[in-house]
1. Ordered by residue, what ³J(HN,Hα) values in Hz, to whole numbers, does the range 239-252 give under the Karplus form 6.51 cos²θ - 1.76 cosθ + 1.60, where θ = phi - 60° and Gly and Pro are x?
2. Could you tell me whether the range 1-71 comes out rounded, prolate or oblate from its Cα gyration tensor? Rule is a ≥ b ≥ c as square roots of the eigenvalues, rounded for a/c under 1.5, then prolate if a/b exceeds b/c, otherwise oblate.
3. Over 16 Å, how big is the tail of the calculated P(r) for the range 161-269, in percent of all Cα pairs?
4. By counting other Cβ atoms within 10 Å of each Cβ, how are I129, I53 ranked from fewest to most?
5. For the range 1-37 and the range 180-203, what is the centre-to-centre distance using only Cα atoms, to the nearest Å?
6. Can you tell me how the range 2-170 classifies by the Cα gyration tensor, rounded, prolate or oblate, using a/c under 1.5 as the rounded cut?
7. I want to check the label-to-label distance for E176 and L133. Put each point 7 Å from Cα in the C-beta direction and report it in nm to one decimal.
Amino acid sequence: MTSTVVLLVEAVAGAFACHVWRESLESIGRPQSVLGLFLLALSAPFVVALVAIAALVVSAVVVAPLLAGAGWLGRRCSGREAWWWVPVSAAAVTAVAVAAGGLAGKPGHGAATAVWGVGTVVLAVPALIARGLLLPGRPRLSDRSVVGALALWGTLAVVTAWAVAGAVLEAGVAYEPPRLDEARVAGTWSDGRGGTLTFGADGRATAHRVEVHAFTGDVEPVVRRCTGTGTWWYRSGDEPWSQSVHVAVEGCALEPRGVYGSPEHPKIFVYAGDPDVADVYVLRKTDGRRGRVTGAAAGAVAGTVRSGSEPPVERVAPFPPSAAAAVALALVGGGSGGVVAGGTGPGPRGVAAGGAGGGAVPGRSRGGRG
């Protein structure tokens, strides 16, 4: 029971940490920040039973054998049991799991190392606590005392994790789009496949094979390329999330573009499909030489462009607050929550899932950022 409760506490604290991490990632959706923590807390009663069952299974199938194996290794290798055999055994078990997962998903070295480290801690902590209660010569505690201690320290740990997560978010770690102005917008923006929008300093706009997505009610929009000249203007809005770039080109129904990216590599986007699915058509600022995308963003274009004649879009997988159960289950299992389809590199929740909401582009209903 001890290891099960510890795993449950780890899952809840891990969900808070995962929320903070996700809020720091580049996204097209406005962060929920501290509100998201409240939503996670509200969803807890609906998922705690499911997570508790998963924690019970992990405790019986993984933690208990791990603790027994650590004791056997200590007696076999050094003649006595020692506490440090527990994290060593946990590291070995997690390494096998990460290696098996790597054969299927081929994650990067950084991601695999992070999962291995988190998994080792997730398994070692409950095993060490359970070992401390089972040491020979230690006074036996009654079931009531054990339950009381677990409830007290578990509640304290959860509340502390929630408070720390809220303080970190209030400190300003949540992602915010770069603030642009007319001077920064002026120039050429490319989709990486021959489509460009050029904004002149005099307010003139030139579109060359820019994709226009017409929504007919089908799952996939009708896509055509647009070429022409017109005008553009920038609206700063009251905050970075409400800024937008407007383009008027004769014969082209170009919607206002929202802004995201980083100060070094800004991007403008428009929805290219169902906003709830969050396919976005992205243009990146080029260096002015043959429409080449600057810096590391070039790799991101190659990683997010679809093959054939399909639109070069980036997909941001939805991750609503109610998905706290999935996060908790993944953390209990020593895995990584928030695996997302879509782009590579520092893309919009193509790295980590997120809702398609709160952006600056009007005209479509969008949900909040999960």
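1. 7, x, 5, 9, 6, 7, 10, 9, 10, 10, 10, 4, x, 10
2. prolate
3. Every Cα pair in the range 161-269 considered, those over 16 Å come to 64 percent.
4. Fewest-to-most Cβ neighbours within 10 Å comes out as I53, I129.
5. Using only Cα atoms, the two centres lie 38 Å from each other.
6. oblate
7. 4.6 nm
Since every read-out is calculated from the coordinates, none of them should be taken as a lab result. Computed from a prediction, not measured in an experiment: that's the story for all the values here. Here the Cβ is made from the backbone with ideal geometry for all residues, glycine too, and neighbour counts use every protein chain on show.
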